[in-house]
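Quick note: the coordinates plus some simple rules give every number you see, no bench work behind them. What you are looking at is a predicted structure, and each value in this text was computed from that prediction instead of being measured. Cβ atoms come from the backbone with ideal geometry, glycine included; neighbour counts cover every protein chain shown.
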Amino acid sequence: MPQPEFTVHSAVDGIAWPGIPAANGAAMLSILFQLESSQWWPEERLLARQRDQLARLLSHAAAQVPFYRGRLAQGLSELPVDSSWMEAWRRIPLLRREEIQAADDAEAMLADALPAGHGDWREIFTSGSTGQPIRSVRSQLWELVWSAFTVRDHLWHRRDLAGTFATIRESGKGKAPWPEGTESASWGYSTDTVFATGPLVGLNITTPIDRQVEWLLRRDPDYLLTHPSIAKALAEACLTQGVRPARLKEVITISETLRPGVREACHTAWGVPVSDIYSTREAGYLALQCPYGEGYHVQSESVFLEVLDNAGQPCGPGQVGRVVVTPLHNFAMPLIRYDIGDLAEVGPPCFCGRGLPVLRRILGRTQNMLLLPSGERRWPLLSSPDIGALLSAAPPLQGYQLAQTALHRIELRLVVARPLASEEEKALRHWVQEKFGPTFEITLVYLPDLPRTASGKFEDFRCEVVVP
């Protein structure tokens with residue numbers, strides 16, 4: 001199937017078509033040209049190229065980053081050129097979030113100098129959804145690489161770049177307020193480097209859902225990018241009202257874990273697919289949903305991603321483990337074997353033929369696993385049947401969040417259309433004990449709205465137990 005038409009910005013006077021971009025645009029097209037080929041490589045070839053890039057990153061980190069001078073001593077900064085390099089790589093200790101914070105207090109995470117061509121430093125902060133916000137510093141080169149993967153996602157999913165792109169993700173107070181939100185002439189920096197696009201419109205994620213529906217219908221975008229919980233709430237509200245944005249072709253979800261029911265809600269209400277993106281602010285794009293299925297392709301040209309079991313060994317298909325990442329091109333603040341605190345399930349090779357590794361599911365933060373008195377953690381995955389049973393137990397239920405507030409206590413936070421009857425409350429307590437075990441004390445808490453993090457994320461299960 002051919003790609004939709006697109007227009008390349010031309011930086012040469014007198015040349016309209018074919019477009020000849022400026023230097024950054026030419027670099028972007030060079031990356032995209034290579035990505036078009038490398039996505040089909042077999043695993044062995046991808047690993048060989050990753051090894052070469054990791055060797056350069058390690059050499060730079062050991063020489064230029066104070067934190068790594070000691071950490072990579074005794075030969076850890078050197079990777080063998082033969083197949084034993086992976087064994088040598090696994091001897092490098094995992095990097096924890098608290099280590100980044102401690103080292104960054106003394107500027108020890110930043111490179112003293114960048115290689116030629118990497119540009120300047122750019123500073124951002126993570127949202128701190130784990131309770132541990134960190135500073136992240138990028139190079140200009142890494143921002144260019146990041147942009148290439150933004151465009152790859154657009155190309156994979158054959159989006160019409162001339163369409164209107166809507167985002168409901170801004171969470172800052174007073175930013176992108178209803179009724180107008182914000183509007184830009186293009187989709188943003190990533191696409192602007194090369195391509196002409198339609199407009200970008202945005203709305204604050206804290207806007208009440210009824211106003212979000214009104215804004216979405218009025219703006220009538222071709223594409224909507226937002227958090228999964230917002231997409232589901234919008235779809236259900238539109239279905240209840242019997243309305244839909246006429247031009248909407250696709251929903252793109254980011255930031256939160258994609259929970260059961262989101263895809264179904266968007267398909268039922270709007271007849272459109274959901275494409276999910278797995279990324280972090282400090283590590284960039286980790287995996288993009290396959291354009292032909294629901295699995296996630298690891299973006300191996302940008303990140304070396306490991307899924308490790310409790311013994312630190314790689315997980316195989318069907319196994320769940322901790323996600324450990326190493327961005328390949330950020331020499332400003334290298335993150336080498338960074339344990340990002342997520343769990344994921346490894347998938348088998350994809351039927352689409354791409355050689356990029358597959359994650360079947362991203363399960364979310366290890367921090368938000370159920371904590372047992374023994375110290376063991378258990379994943380409290382809520383399946384579609386679980387959620388269906390919860391809603392059946394109390395039909396007035398409009399929203400819920402489960403929070404473990406102590407080792408033996410679970411709080412069920414509820415948003416309801418009317419006060420619940422005693423039988424409904426009893427049924428909810430029974431559902432929680434059936435799901436998590438009869439030893440937990442169950443508390444029901446009624447709220448006007450469910451809490452989100454500072455960045456607007458929603459988590460359907462939170463572990464709020466403070467571990468010594």
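Things worth noting here:
- In a fully extended conformation the segment linking Ala23 and Tyr189 would gain 58.3 nm over its present Cα-Cα distance, using 0.36 nm per residue.
- FRET efficiency for the pair Ser392 and Trp121, taken as 1/(1 + (r/R0)^6) with r the Cβ-Cβ distance and R0 = 51 Å, rounds to 0.45.
- Cα-based Lys proximity count in the chain, under 30 Å, for pairs eight or more positions apart or on separate chains: 14
- Alpha carbon centroid spacing (whole Å) that separates the stretch 37-87 from the stretch 330-369: 18
- The mean sequence separation of alpha-carbon pairs under 8 Å and at least six residues apart, normalised by the residue count of the stretch 1-365, gives a relative contact order of 17 percent.
- For the chain, the Kirkwood hydrodynamic radius comes to 24.0 Å, computed from all pairs of different C-alpha atoms.
- Placing a label point 7 Å from the Cα of Gln74 along the Cα-to-Cβ direction, no residue of the stretch 304-332 has its backbone N under 16 Å from that point.
- If R0 equals 30 Å, the separation of the Cβ atoms of Ser37 and Arg377 corresponds to a calculated FRET efficiency of about 0.15.
- Ranked by the mean number of other Cβ atoms within 10 Å per residue, highest first, peptides 166-176, 109-119 order as 166-176, 109-119.
- The base-10 log of I(q)/I(0) for the stretch 370-463, evaluated at q = 0.17 Å⁻¹, reads -0.74 [Debye formula, identical scatterers on Cα atoms, solvent excluded].
- Simple spin-label estimate for Glu441 and Thr182 gives 4.5 nm between the two label positions (7 Å along the Cα-to-Cβ direction from each Cα).
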